[in-house]
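Trainee: Below you'll find the structure I mean.
The values are calculated or read from the model by the stated rules, or taken from the named source; none is laboratory data. This one's a predicted model, so the numbers in the text were calculated from it and none came from an experiment. Here the Cβ positions follow ideal geometry from the backbone for every residue, glycine too, while neighbour counts run over all protein chains shown.
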Amino acid sequence: MFRVIRAGTLRALREAVETAERAAAQAEQTADHTAELRADDHYDHEQQITELRKQLDEALADRQAAYAETLLDAEDRVALRMLLRTARKQAARQERVYALFQRGQLHSIHVTQEAAELAAEAEGAARSGWSAFPPGAALPPATEVLWRVQALPLKNADSRS
């Protein structure tokens with residue numbers, strides 16, 4: 001069976017097929033382009049999610065560190081208060097302090113003679129260079145002695161009355 005069609009109709013059909021093929025090719029290009037954009041967006045979103053998770057982990061670690069530091073600060077304050085109470089109690093019972101002199105000039109004051117000697121040794125004094133003079137003995141001139149520790153009596157508030 002044959003069908004006879006006019007040339008104009010054939011031309012119109014061929015144009016319609018070409019138009020449809022162009023439209024299909026353009027739709028395919030658009031779909032490919034859209035898929036690429038979505039893939040790029042998906043990749044970008046994955047990177048953003050990964051970056052945000054990393055920032056969240058860092059923020060949580062910083063928060064934990066700050067919390068631990070706060071607890072440590074509180075523990076430090078408690079320990080410091082306890083040390084201050086102990087020092088105040090000991091200072092109330094203290095009868096003398098030890099003055100450390102360097103070439104006759106006052107360098108520092110200490111609670112014990114050992115602490116004064118350690119302070120002088122930290123400044124460069126010889127560890128074995130300490131000697132004791134009996135009470136009331138004549139001392140060499142202060143300017144001739146590099147380091148000297150001298151006990152100084154404290155006046156107690158009870159002894160003033």
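Trainee: Considering only region 96-113, I want to know if a residue exists there that is part of a helix (DSSP H, G or I) and at pLDDT 80 or above.
Mentor: Taking region 96-113 as the starting set, the residues that turn out to be part of a helix (DSSP H, G or I) are 113.
Okay, now just the ones that are also at pLDDT 80 or above, so 113.
Yes, that holds for at least one residue.
Trainee: Test each condition in (1) surrounded by 12 or more Cβ atoms within 10 Å (Cβ to Cβ); (2) modelled with pLDDT of 80 or more for VAL78 and report the one that comes out false.
Mentor: It fails just one condition, (1).
Trainee: If GLY124 satisfies all but one of (1) modelled with pLDDT of 85 or more; (2) within 29 Å of ARG88 (Cα to Cα); (3) out of contact with any Phe, Trp or Tyr (no Cβ under 8 Å at 6 or more places or on another chain), what's the number of the condition it fails?
Mentor: Answer for GLY124: the failing condition is (2).
Trainee: Can you find a residue in region 90-110 that is on the phi > 0 side of the Ramachandran plot and not polar (S, T, N, Q)?
Mentor: Yes: one or more hits.
Trainee: So which residues in region 127-160 are surrounded by fewer than 10 Cβ atoms within 10 Å (Cβ to Cβ), modelled with pLDDT under 75 and within 24 Å of GLN90 (Cα to Cα)?
Mentor: Within region 127-160, LYS155, ALA157, ASP158, SER159, ARG160 meet the criteria.
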